[in-house]
Amino acid sequence: MQIRPVINAVEATLVSQATIASSDPAVESAVTQLVAALGPALQVAAMEIAEQAAAEVRAQLSEHTVDVVLADGDPALRITEAP
């Protein structure tokens, strides 16, 4: 699952909404700082969602091991047969 496009969309939406809401440079600066801070938080949230998905898949595939791994910085589910 690629999370960068989702993070980019959230960031773009926030910037767009801030631009519509105000032309105040202080607001623009605050939004820019908020958007920069949200990136890591959104990545953590994506990992937590992947962990939840893994738990649900694990519950349905009792004969398999389900792990969350990073593939090029994005979370992915790795499913293998249990020994």
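Residues in the chain average 70 Å² of solvent-accessible surface per residue, probe 1.4 Å, ligands and nucleic acids excluded. Rounded to the nearest 10 degrees, the angle from helix 25-60 to the longest Cα principal axis of the chain is 10 degrees.
For the chain, carbon and sulfur atoms together expose 59% of the accessible surface, with a 1.4 angstrom probe and every protein chain in place. Which value, in debye to the nearest 20, gives the size of the charge dipole of the chain about its Cα centre, when Lys and Arg are +1 and Asp and Glu are -1 at the Cβ? So the dipole magnitude of the chain works out to roughly 80 debye. When the alpha-carbon atoms of the chain are used, the pair Rg, Dmax equals 17.9, 61 angstrom.
Mean residue ellipticity at 222 nm, helices only, the chain: -23500 deg cm²/dmol; runs of at least 4 DSSP H residues each add -39,500 (n - 2.57), and the sum is divided by the number of residues. Computed extension gain for LEU70 through GLN52, at 0.36 nm per residue and net of the alpha carbon distance, reaches 5.0 nm.
The values are calculated or read from the model by the stated rules, or taken from the named source; none is laboratory data. As the structure is a prediction and not an experimental result, all values here were calculated from the model. Virtual Cβ from ideal backbone geometry, glycine too; neighbours counted across all protein chains shown. The area values use the complete protein model at the heavy-atom level, side chains included, leaving out ligands, DNA and RNA. Shrake-Rupley method; radii C 1.70, N 1.55, O 1.52, S 1.80 Å.
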